[in-house]
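K.L.:
This is the structure I want to talk about, given as structure tokens.
The values are calculated or read from the model by the stated rules, or taken from the named source; none is laboratory data. Since the structure is predicted, the reported quantities are computational estimates derived from the model, not experimental observations. All Cβ positions, glycine included, derive from the backbone under ideal geometry; neighbour counts span all protein chains shown. Please note that ligands, DNA and RNA were not included when accessible areas were found on the heavy atoms of the full protein model with its side chains. Shrake-Rupley method; radii C 1.70, N 1.55, O 1.52, S 1.80 Å.
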Amino acid sequence: MYMVTKIVSGNVVERRKTRITRRPAKRGGRVRGNSSERKLVGNREYAKLALARTINCNMTPGDLWLTAKFDAEGLETVGGSFEGARKAGRKFIDRLVYRMKKLGLVCKWFLAASEIDGETGELVRPHVHIIITGEGFEIRDKRLYFGAELVDDIWGLGTVDWQPLRHQQDYYPLAAYLVNQARGVADEKKWTCSRNMKKPKVTREIVTSGGQLRVPAGAVELPGTRYDPEKGQNFVRYIPKAKDPRRKVGGHKEMALALDDRRDSGGL
């Protein structure tokens, strides 16, 4: 017997098939911080998927991706450490949230501090990535403001690079970029977010076949899809094929076909 778990986040559908055993495997005593390299890699991949799902469910084009950087004085102020950078990032978010609340705006945010180059793995100057609701921000003279305040001044420890989220149906590439820059410290969270996030829709069903999951015809396959029976990986990510709007006319298939006939005869 197998269980197929279906997760829908925004426009993205994920399906995972896992074998159901009669007796759950016994777990040995767990030592915090003593995870194997394989487990660390698995945790990182899960963190990417979890972040992508939450972004897909909650953020839209026009929301902002900020990268808060430290100048020499700012870095000294936070003690030059990763932990100091993360705390400074959270305080920055708190200041932005406070300003939004005064305007009656609801703010959603993600925070991912980094001191790693995601491509080379080399240490770099600590910095903070933030994804945040775009309402209340304005671009004037190629600089980012919130109300009358320059966002760099609200940060106060250096400069803030920014870019709006693009029109993407899946933000997995952004999630992967952020998580790849996280430290490889066992049991350390790769990212945090506000508590007002919508959650993906999860459903489960029991099936008898252990065959490979397939991306449906017409759907767009997405990064993260993998199949490796030896490792027990049977997982697909995709954007379903768009439904034909003609099939919704009046809720009847016959009416949709009638419209086709009228078009063919030049009636429309």
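K.L.:
Can you say whether Ala176 is out of contact with any Ser or Thr (no Cβ under 9 Å at 6 or more places or on another chain), under 30 Å from Cys107 (Cα atoms) and touching a residue at least 12 places away in the same chain (Cβ under 8 Å), as far as the supplied structure shows?
P.N.:
yes
K.L.:
Hey, Lys199 hits all of (1) open to solvent by 30 Å² or more (accessible area, probe 1.4 Å); (2) modelled with pLDDT under 95; (3) closer than 21 Å to Glu45 by Cβ but one; which does it fall short on?
P.N.:
(2)
K.L.:
Would you be able to say whether some residue in the stretch 49-68 is modelled with pLDDT of 90 or more and among the charged types (D, E, K, R)?
P.N.:
Yes, there is a match, as at least one residue in the stretch 49-68 is modelled with pLDDT of 90 or more and among the charged types (D, E, K, R).
K.L.:
Another question, then. Restricting attention to the stretch 48-100, report how many residues are among the acidic types (Asp, Glu) and open to solvent by less than 20 Å² (accessible area, probe 1.4 Å).
P.N.:
1
K.L.:
Restricting attention to the stretch 77-118, and to residues there that are in a loop (DSSP other than H, G, I, E, B) and touching a Phe, Trp or Tyr at 6+ places or on another chain (Cβ under 8 Å), which single residue is modelled with the highest pLDDT?
P.N.:
Only one residue tops the list, namely Val78.
K.L.:
Determine, yes or no, whether Glu73 is more than 22 Å from the chain's Cα centre (by Cα) and assigned to a helix (DSSP H, G or I).
P.N.:
Yes: the conditions hold for Glu73.
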